[in-house]
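K.L.:
Quick one: the structure is below, and I'll ask about it shortly.
Every number here is computed from the coordinates shown, using simple stated rules; none is lab data. All values reported here derive from a predicted model rather than from experimental measurement. Heads up, the Cβs are rebuilt from the backbone with ideal geometry, glycines too, and the neighbour counts pull from every protein chain shown.
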């Protein structure tokens, strides 16, 4: 192509041959609830040859001065001259009779309000009134009755004029003919319909339908419950107030200011009063925010910074990094978090505290920290899974086999030396820092991802690496939630009322717990080796055993902590026991 | 291509287009919309023909020479950014300073809280929910008046929370007064901090001295070290004012990025109040040579996926990729205004106490007539020799303050630099295409 556009403005200014995408059906904004591309009632407006009806619903709030009984199938006008059912030269007697009647009626039907009075077919007559006082059916009901009429059987209808009070005039007009065949044998609409008739009653303007179309009915074409854009952000784009930022709000809320973002309610009717109304959406639909990944974005969307990571020069370098850095870091963090979790009082211990909210906060905090610790354990498994995956694909250095990497490290990237510490504000802040988006842990796997996307590496390992790489962000938000909860109790400084007084115990004091911990590590090593050999079933059994031990460790750890003793997880193991 | 070559190749031939050649082939740049195309040699010959009718030739190629929206003069722009001259005094005495020791040639002054408060209220008053405004703190040396900066920032942040108008903060400082707790404050509010440093310690000390002549480098280095370490949300950049005394830019850039600045860039000293230390035409070739030297290192590092934040080039690449085009060099006198210590509106922070850029005051309101007149008069299409230059919508006609006080002395340099940036853009699209996915 000459000239070939290079930058964005040049590309935008270059016309591209072909239909624009917005002409395709799948890109259209459906003009009613999806699936209804036109209003079927339009067909029955012409059910009887030569006459056009409107199906009128009863007004909800009738003006006292307007005519009474407006609802029903009202005659719009006689439209017979070009009706394909009624050719002037037809030999059919009923057509000639009907044409003659209609010619004489044209003026009459334009005078006053004329309504469908009854229909009669096969000896059955249906009157269009819901009671003996002559209260007419609503237009929708009349439409349903008309839809029940049969083809190819003589049909007689009665039209009657209603006066201002809504009462029927004495003299009806009786016409006989057949119900219209809406579609030809080829599926083409009858020529009586004029262009625009099928869509003429659709939502106009489209914004009204766009407003009403929502997930409670059908798969909607706009978001409903979303997260608002945080008004204040931390580095990495995290909301300063994570709780506020994670309350779903109504995308259609009329007040988009900070005070308007109340939580979305479970019932449609509860949300409705706060939503944009029809008249409002016409004015502001262009200001409805885009939503990316469930969150409203501002005027300009800045995608998260892509980590620039260089691939490792060889599989071996990556393997060493996984062995010496990633896997040990994950276990070390898991233990630090676990230790910190034990330093928190149980909700029972906090009962009777002057802060009524403390037992609840502690319950949540302990669960959160435990969850993150478990997450790090999962990461350790994934790091090992990357290793055994690389091994199974022959990417290990010659002569080397996969060995489980289940050990701690004394060094955490860009942090002071790893240590077991109670969850005081300083420790918590260090956890937040280490899990921070773009921080040391968050970017730990970036080079793995960059390497594994190169050709020659198995695709599933790349996906696994991406998964680990993107999994950490949760940890950051969760620790920030804990920070927020504990902020209320930190004012007085140490000792913090939510903490147990805890010190790192001696190996002797924590002998049983340490033994249990080491047995867990042994079981994991066995399980990973089995996994690497492809024996998932055996691995599963061993993992299950390790899980039971983990539950036991949790109980032991909590008991010790109540007595002020923390498990010295980093105690070197006396001697390596034989692996079963 | 060396500096002389860049200047030669970029000299203005037609106001409607610019043709250049790279290792990738021939290219066409259309000023209107800043559109960049690859073309074949035959097309180049047609377009380069001085006797040819350019617009017809472009039309035959399917190119509308006027694809972008017409660049009419801006009128009654909303205020989106204010710089507050919180302290019209400085503890330094740099020979080239446009503010002449910080006081702009007037008695030294400090901004009072009512002035700052009113300025910020004015800024927020017209901003719609969801939009973003910027409060900039300048001087003089703004940190002389630290208390006001903190008060004003906190106030603006609160207004932001209440109104749903987002706010950003920036501060330009000489770095001699900055403290660690300033860093914590800036970090909390996500400041964009610019520290003026003039390169390596020797050069810097030669140019940037305390009022009593003592060197400042050591003090600045000590002061900013903790800030550089804590920058997460805040970004601390270095800006080098280039004078004939510190033209070794590559050494300066490596030194500053080595200190840990988020980015570093260069601003040529084109008009100093005394005429001292300003660049003369004979310096521009050296300057361009140095800039492209830094650019070469940027390319090398970027291709190797290493960070090397040479802000002049990263910003230029971003603008070229997006096809940025504008009839002004900056937002000065439009959506960006300065507020002097006494509460006068000025076209920008440089026009404090300068009648050329006066635009009313907080008390009497923004003088829209003067502003609109400014925007009509300063429009690049009314400027000479800009009207005939292909680079006019990239350059915008050059800094108003410098042009009004010294004229346009650096056009060859600016075009040469833009030519280099165009070549680098083309080169990086081949060698590091990922760069344009996320960095620009």
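K.L.:
Can you tell which of B:357, B:293, B:343 shows the greatest fluctuation in a Gaussian network model of chain B with Cα springs below 10 Å?
P.N.:
Comparing B:357, B:293, B:343 in a Gaussian network model of chain B, the most mobile one is B:293.
K.L.:
Contact order normalised by length for chain A, with contacts defined as Cα pairs under 8 Å and 6 or more residues apart; what percent is it?
P.N.:
Working: 774 pairs, mean separation 57.3, N = 580.
That works out to 10 percent.
K.L.:
Right, something else. With an 8 Å Cα cut-off and a minimum separation of 6 or more residues, compute the relative contact order for segment B:326-390 in percent. Intermediate results must be reported in sequence, preceding the final value.
P.N.:
On the way: 84 pairs, mean separation 16.1, N = 65.
Over segment B:326-390, the number comes to 25 percent.
K.L.:
Using alpha carbons only, how many degrees (0 to 90, rounded to 10) separate the axis of helix A:425-435 from the longest principal axis of chain A?
P.N.:
So the inclination is approximately 70 degrees.
K.L.:
Taking the number of other C-beta atoms within 10 Å as the exposure measure, put A:560, A:82 in order starting with the fewest.
P.N.:
Numbers: A:560 19, A:82 10.
Listed from fewest to most nearby Cβ atoms, that is A:82, A:560.
K.L.:
Working from Cα positions, state the angle (0 to 90°, nearest 10) between the long axis of helix B:411-431 and the longest principal axis of chain B.
P.N.:
With rounding to tens, the tilt is 70 degrees.
K.L.:
Hey, another quick one. If I model a spin label at residue B:363 and residue B:229 as a point 7 Å from the Cα along the Cα→Cβ vector, what separation in nanometres do I get?
P.N.:
Each label point lies 7 Å from its Cα, and together they span 4.8 nm.
K.L.:
Moving to a separate point now. Got a sec? How would A:357, B:83, B:22 order by Cβ neighbour count within 10 Å, fewest to most? Don't jump to the answer; show the numbers that get you there.
P.N.:
Values: A:357 12, B:83 27, B:22 16.
Ordered from fewest to most neighbouring Cβ atoms within 10 Å, A:357, B:83, B:22 come out as A:357, B:22, B:83.
K.L.:
Using a 10 angstrom cutoff on alpha carbons, build the Gaussian network for chain B and name the most mobile of B:184, B:315, B:306.
P.N.:
It is B:306.
K.L.:
Using label points projected 7 Å from each Cα along Cα→Cβ, tell me how many nm separate residue B:372 and residue B:66, to one decimal.
P.N.:
Using points 7 Å along Cα→Cβ, the separation is 2.3 nm.
K.L.:
Further, regarding this structure: Compute the Cα gyration tensor for segment A:41-177, then decide on rounded, prolate or oblate, letting a ≥ b ≥ c be the square roots of its eigenvalues: rounded whenever a/c is under 1.5, prolate when a/b is larger than b/c in the other cases, and oblate in all that remain.
P.N.:
Numbers: a/c = 1.93, a/b = 1.57, b/c = 1.22.
Verdict is prolate for segment A:41-177.
K.L.:
Shape of chain A from its Cα gyration tensor (a ≥ b ≥ c, root eigenvalues): rounded if a/c is under 1.5, otherwise prolate when a/b > b/c, or oblate?
P.N.:
Because a/c hits 1.5 or more and a/b exceeds b/c, chain A counts as prolate.
K.L.:
Now for a separate question. If I take all pairs of Cα atoms in segment B:86-150, what percentage of them are more than 18 Å from each other?
P.N.:
Details: 925 of 2080 pairs.
That fraction is 44 percent.
K.L.:
Relative to the first principal axis of the alpha-carbon coordinates of chain B, what is the inclination of helix B:281-303, with its axis defined by its Cα atoms, in degrees from 0 to 90 and to the nearest 10?
P.N.:
With rounding to tens, the tilt is 90 degrees.
K.L.:
Given the rule -39500 (n - 2.57) for each run of at least 4 DSSP H residues, summed and divided by the residues of the protein assembly as shown, what is its mean residue ellipticity at 222 nm, to the nearest 500 deg cm²/dmol?
P.N.:
Computed mean residue ellipticity for the protein assembly as shown: -11500 deg cm²/dmol.
K.L.:
Using the Cα gyration tensor of the protein assembly as shown, with a ≥ b ≥ c the square roots of its eigenvalues, what is the shape: rounded (a/c below 1.5), prolate (a/b larger than b/c) or oblate (neither)?
P.N.:
oblate
K.L.:
Right, something else. Using 14 Å as the cut-off for backbone N distance, which residues of segment B:33-74 belong to the label zone defined by a point 7 Å from the Cα of residue B:430 along Cα→Cβ?
P.N.:
Within reach of a label on residue B:430, which here means backbone N under 14 Å from a point 7 Å along Cα→Cβ, segment B:33-74 contributes B:38-39.
K.L.:
Considering only DSSP beta bridges with both partners in the protein assembly as shown, what is the antiparallel share in %, to the nearest 5? Let's see the in-between values first.
P.N.:
Values: 57 of 93 bridges.
Rounded to the nearest five, the antiparallel share is 60 percent.
K.L.:
Most exposed first by the Cβ proxy, i.e. fewest other Cβ within 10 Å, how do B:98, A:182, B:37 rank?
P.N.:
Arranged by neighbour count, lowest to highest, B:98, A:182, B:37 become A:182, B:98, B:37.
K.L.:
Just subtract the alpha-carbon distance of residue A:512 and residue A:429 from 0.36 nm times their residue separation and send over the number in nm, one decimal. All intermediate terms of the calculation are to be shown ahead of the outcome.
P.N.:
Numbers: separation 83, 0.36 × 83 = 29.88 nm, distance 3.12 nm.
Full extension from residue A:512 to residue A:429 adds 26.8 nm.
K.L.:
Which of B:82, B:63, B:337 moves the most in a Gaussian network model of chain B with Cα springs under 10 Å?
P.N.:
Per the Cα network of chain B with a 10 Å cutoff, B:63 tops the list.
K.L.:
Could you tell me how far the Cα centroid of segment B:285-346 sits from the Cα centroid of segment B:108-153, in Å?
P.N.:
Result: 24 Å between the Cα centres.
K.L.:
Can you tell me, using C-alpha contacts under 8 Å and at least 6 residues apart, the relative contact order of chain B as a whole percent?
P.N.:
20
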